[in-house]
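Contents: one structure, followed by commentary.
Throughout, read-outs are computed from the coordinates displayed, never taken from laboratory work. All values derive from a computational prediction rather than experimental measurement. Because the Cβ atoms are built from the backbone with ideal geometry, glycine has one as well, and the counts that use them run over all protein chains shown.
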Amino acid sequence: MNICSRKNIFQQCIFEFLGTGLIIFFGTGFLTASKLTNFYLSQYEMSFIWGCAVSFSIYLSIAISGAHLNPAITICFWLFYKFNKQKVLPYIISQISGTFFFNVNILYISQNIYIVRKTTSYCSRNSREPSISFNFLRLSSKKLYIYT
């Protein structure tokens, strides 16, 4: 029997895992890359990237699992649209684990980029040149101050 012709719960959970993880991987990955390389994207560009990530994940998982891609959506479908209650907990576990797994991948990739960029940077510690470091933000009532 063809595995793609029968939609079992394991296959549906795999697609929920991948769909949720890809949203996080593309969206958060671009934000992290933007921060580490000092290449700042505008709000519209980041919104476009997040929208493409969500669209790609929906196209990937809608035929197999219904593309819930969020535990809140899964719970709403269970409460209001008679979604099978035996699938609720496996869906939620796969969505949360997909998010966690892809976030750990982003952390691993960005940590390696951060280490490589920090070892090849020739800026002195007291210089005012921008270096690869995480900025501490302080919001005041009218201005945004960025401390490096």
ask   = Quick one: which of 101-114, 84-97 comes out on top by average Cβ neighbours within 10 Å, and what's the full order, highest first?
value = 84-97, 101-114
key: Values of log10 I(q)/I(0), in the order q = 0.15, 0.32 Å⁻¹, for segment 23-65 under a Debye, Cα-only, solvent-free model   = -0.40, -1.07
remark   = Ranked output for segments 31-44, 70-83, 49-62, 9-22 by mean other Cβ atoms within 10 Å, highest leading, reads 9-22, 49-62, 70-83, 31-44
